[in-house]
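Visitor: Would you mind keeping the following structure in view while I ask a few things?
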Amino acid sequence: VSVNESHLPSIHRGEMTFDHFEILRAIGKGSFGKVCIVQKNDTKKMYAMKYMNKQKCVERNEVRNVFKELQIMQGLEHPFLVNLWYSFQDEEDMFMVVDLLLGGDLRYHLQQNVRFQEDTVKLFICELALALDYLQSRRIIHRDMKPDNILLDEHGHVHITDFNIATILTKGMQVTTIAGTKPYMAPEMFNSTKPTGYSFAVDWWSLGITAYELLRGRRPYHIRSNTSPNEIAHVFRTATVMYPAAWSKEMVSLVKKLLEPNPEERFAQLKNIQDFPYLADINWDAVLQKRIMPGFIPTKGRLNCDPAFELEEMILESKPLHKKKKRLAKKEKDTNKSYSSQVRAKERLVPTVLEIPFFAQKPA
């Protein structure tokens, strides 16, 4: 199954600024920065806007990661990804405007004690397999597949987000860098005795861990973020994964194929999934076109996210985004009073090396 790209909007260069959007509310945050809902002033279309403080990016040495994420996302468009529409910056922040998905992430729903039914998880696996196949066709390893990075749209379809630590696999080269979230990382990433590198199969392992967690409410291995690599390697050598008797034999078989410790034998491409008897009844074109309705539909009329994000932005944030226009206008006015334009050019907040050399835009 390939995506028919003829109907997809094309990327073109052009200026877009913070002023083209109205900020509606904050909905999330991560190590990278924060996320809010915005509305584009001319089309009234709603998006999610991810924004990162430039100064903090420099201090944390994350500039390269931000550029790499932008570079990767600009070349992607798929029904089961969170797609990038615009990127731009001002003197304080860098912005990425992406698809708005109001169904919440799967971590949020797990924390709400949702137990996903087998048919729902079966469809999730199919949708995510199509997304991973698409990434693989572009030689991208996501490296951070987990419930936190899988968002639902209002109908309950899944979308992979956060390409912050994704990497492009160059032909003939192996990836050996340890990157990811430990409980979801594949055994070959911890193989210290024989560091032979890893490939796309690590994302399919993460898919297996995620599927298990969605069905059972906890992960198959007792691995935490602070577990040492040696301990993790020991867990993989000694632990036995328990599969509840209530699960169908077919689902157990499928998850076992995804959680195969040997990457050579693991299900790690779309063809493996499509040829598996448990999925023989799947109409893959219908899956791609989102014509198969998920069994779990997020609550309509609510954001399906922690309301504390909005409160924190309003009360605790020293430079809240919704006051940015006033703040920058005041700063400009004060600067005009104090300095000549020549001095102002030298007093920039961040070195010019931080200027994003490209602007991604897709016509709404």
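The values are calculated or read from the model by the stated rules, or taken from the named source; none is laboratory data. Everything numeric in this text was worked out from a predicted model, so none of it was measured. Note that each Cβ is placed from the backbone with ideal geometry, even for glycine, and that neighbours are counted across all protein chains shown.
Visitor: H20 versus (1) buried (at least 20 other Cβ atoms within 10 Å of the Cβ); (2) modelled with pLDDT of 90 or more: which is the lone unmet condition?
Guide: (1)
Visitor: Could you tell me whether any residue of the range 128-145 is at pLDDT 95 or above, out of contact with any helix residue (DSSP H, G or I) (no Cβ under 7 Å at 6 or more places or on another chain), among the small types (G, A, S) and not in a helix (DSSP H, G or I)?
Guide: For the range 128-145, residues at pLDDT 95 or above, out of contact with any helix residue (DSSP H, G or I) (no Cβ under 7 Å at 6 or more places or on another chain), among the small types (G, A, S) and not in a helix (DSSP H, G or I): absent.
Visitor: Do you know which residues across the range 41-57 are over 18 Å from F21 (Cα atoms) and either free of Cβ contacts under 8 Å to residues at least 40 places away in the same chain or more than 22 Å from the chain's Cα centre (by Cα) (or both)?
Guide: Q55, K56
Visitor: Quick check on G197: is it on the phi > 0 side of the Ramachandran plot, without any contact (Cβ under 8 Å) to a residue 24 or more places away in the chain, exposed (fewer than 15 other Cβ atoms within 10 Å of the Cβ) and outside the structural domain of V82 (by TED's automatic domain parsing)? It would help to see each step written out before you state the result.
Guide: On the way: on the phi > 0 side of the Ramachandran plot: yes; without any contact (Cβ under 8 Å) to a residue 24 or more places away in the chain: yes; exposed (fewer than 15 other Cβ atoms within 10 Å of the Cβ): yes; outside the structural domain of V82 (by TED's automatic domain parsing): yes.
Here the answer is yes, as G197 does meet what is asked.
Visitor: Exactly one condition in (1) free of Cβ contacts under 8 Å to residues at least 24 places away in the same chain; (2) in the same structural domain as H155 (by TED's automatic domain parsing) is false for V121; which is it?
Guide: (1)
Visitor: Another question, if that's okay. Answer yes if at least one residue in the range 76-86 is on the phi < 0 side of the Ramachandran plot and modelled with pLDDT under 90, and no otherwise. Steps first, answer last, please.
Guide: Our first condition is that a residue be on the phi < 0 side of the Ramachandran plot; within the range 76-86, this holds for 76-86.
Narrowing the set further to residues that are modelled with pLDDT under 90 leaves none.
There is no residue in the range 76-86 that is on the phi < 0 side of the Ramachandran plot and modelled with pLDDT under 90.
Visitor: With (1) hydroxyl-bearing (S, T, Y); (2) in a loop (DSSP other than H, G, I, E, B); (3) within 20 Å of the chain's Cα centre (by Cα) as the list, and Y212 as the residue in question, which single condition is left unmet?
Guide: (2)
Visitor: Looking at the range 251-272, which of its residues are surrounded by 15 or more Cβ atoms within 10 Å (Cβ to Cβ) and in contact with a Lys or Arg (Cβ under 9 Å, 6 or more places away or on another chain)?
Guide: M251, L254, K257, L258, L259, E260, R266, F267, N272
Visitor: Would you point out which residue out of L259, L214, L279 is touching a Pro at 6+ places or on another chain (Cβ under 9 Å), under 22 Å from G156 (Cα atoms), of a type outside the set (G, A, S) and touching a residue at least 24 places away in the same chain (Cβ under 8 Å)? Walk me through how you get there before you give the answer.
Guide: Values: L259 fails: under 22 Å from G156 (Cα atoms); L279 fails: touching a Pro at 6+ places or on another chain (Cβ under 9 Å).
Among L259, L214, L279, only L214 is touching a Pro at 6+ places or on another chain (Cβ under 9 Å), under 22 Å from G156 (Cα atoms), of a type outside the set (G, A, S) and touching a residue at least 24 places away in the same chain (Cβ under 8 Å).
Visitor: Applying the selection to the range 47-98, what residues are in a strand (DSSP E or B), among the aromatic types (F, W, Y) and in contact with a Leu (Cβ under 8 Å, 6 or more places away or on another chain)?
Guide: Y47, Y51
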